[in-house]
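Below: one structure, written as structure tokens.
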Number of protein chains: 2
Amino acid sequence: MSPATAAAKLTDEAGVQLEESLGLIGYRLRRAQLSVFQRFAAVFETLAIRPAEYAVLVLVDDSPGRKQSEIAAALGIKRANFVALAQGLEARGLIERLNIASDRRANALHLTPVGRSFLARARALHDELEREFIERLGGPAKREQLLDLLQRLT
Amino acid sequence: MSPATAAAKLTDEAGVQLEESLGLIGYRLRRAQLSVFQRFAAVFETLAIRPAEYAVLVLVDDSPGRKQSEIAAALGIKRANFVALAQGLEARGLIERLNIASDRRANALHLTPVGRSFLARARALHDELEREFIERLGGPAKREQLLDLLQRLT
DNA sequence: TATTGTTATACTCTATAACTATA
DNA sequence: TATAGTTATAGAGTATAACAATA
């Protein structure tokens, strides 16, 4: 194989030849995750929200009144790193951090009315994106397959 | 549902309840990718090598003599960020960066003999890890399914 | 003693701009 | 003019240590 051909294969399609060599789960997983998150970030840019912030809103909506540390732990975020994130969402008027009578150390997280309508728009964008992914995968059954396989790796 | 039950479901298994709500490809993909890369990093820690460095060695072994920028592009690494990585591998005696007569700007990357035997050990660890993942997935056919589905998302 | 939120800090990864020497 | 390697720098994301208030 000529150097030029090798170079073409090496760089073609962001590493296709390379994938054959590395061949593996870790590499393709990373590639797919980056690709999906870039789509996610691009779509949500219109709402000026990041994936992690969206995840927080979803969780607070589904379990209102939980403590910061509970939401953070559920998302695998250290509570120290969660502070700025929660304060940012509060400063934008999307969530409230209320005092709890039973534990004056803790903040109970709730969505504001503005936060609820904001989340509704975000969920709509997300649903649309999920449909795009399902189409790419080849249908809902393929999506279930993928989720099952990913679950086994986690 | 009582608050206590909700809290248990919220934090159980690093966000299982949350996954039902977020429900989606992006979230599970991120979780699986983090889990797999943590295993990868843990196993490769014994060789004091990181996933990206291993990928570079594999690529240089398969395509010796390529330029830094070609290897970097194939791995999706900016060439500016690739400099320290390549210099580190050279400082450890794993690769050489040779002058090219045809282009005095470029560095051609090659494995050293030490680099080759090092890579052999790394590949063995990697193969073992890949077998672990295949077992978790439920067999080689499941692995092919997963790689196919990930490909479609990329 | 342990936990909650918080600050400070550091380390990795990633992204961009600008420089040099070559082409 | 454009490209290869390089430097500097800045932004995310993530990790730990330590503190005050509270349990």
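Out of every Cα pair in the range A:48-153, what percent are spaced more than 22 Å from each other?
So the portion of pairs separated by more than 22 Å is 41 percent.
In nm, what does the list of distances from A:E135 to its counterparts in the other copies look like, shortest first, when each label sits 7 Å along Cα to Cβ?
Result, one decimal in nm: 4.2.
Which one, A:D127, A:D61, A:D103, has the greatest fluctuation when you compute a Gaussian network model over chain A with C-alpha springs under 10 angstrom?
Largest GNM mean-square fluctuation: A:D103.
Hey, what's the per residue convex hull volume over the C-alpha atoms of the protein assembly as shown, in cubic angstrom?
Dividing the Cα hull volume of the protein assembly as shown by its residue count gives 167 Å³.
On average, how many beta carbons from a partner chain sit within 10 Å of the beta carbon of a residue in A:32-39?
Whole-number average of other-chain Cβ neighbours for A:32-39 is 6.
Relative contact order (percent) for the range B:18-154, with alpha-carbon contacts under 8 angstrom and 6 or more residues of separation?
Dividing the mean separation by the residue count of the range B:18-154 yields 20 percent.
Within 10 Å of each Cβ of B:70-77, how many other protein chain Cβ atoms are there on average?
5
Rounded to the nearest 100 Å², what's the accessible area chains B and A bury against each other, both chains counted, probe 1.4 Å?
Chains B and A together bury approximately 5400 Å².
Other chains' Cβ within 10 Å of B:141-151 residues: what's the mean?
6
Whenever you get a sec, compute what percent of the accessible area on the range B:48-153 sits on carbon and sulfur atoms (1.4 Å probe).
Answer for the range B:48-153: carbon and sulfur cover 50 percent of the accessible area.
Mean 1/r over all different Cα pairs, inverted: what Kirkwood radius does the range A:71-118 give, in Å?
Result for the range A:71-118 stands at 11.4 Å.
What number comes out for accessible area per residue over the protein assembly as shown if the probe is 1.4 Å? Units Å², please.
Heavy-atom accessible area per residue stands at 50 Å².
Quote the relative contact order of the range A:91-149 in percent (integer), defining contacts as alpha-carbon pairs under 8 Å separated by 6+ residues.
23 percent.
The values are calculated or read from the model by the stated rules, or taken from the named source; none is laboratory data. Note that this is a predicted model, so its numbers are computed, not measured. Neighbour counts are summed over all protein chains in view; Cβ atoms, including those assigned to glycine, are modelled from backbone coordinates with ideal geometry. The accessibility values were calculated without ligands, DNA or RNA, using every heavy atom of the protein model including side chains. Shrake-Rupley method; radii C 1.70, N 1.55, O 1.52, S 1.80 Å.
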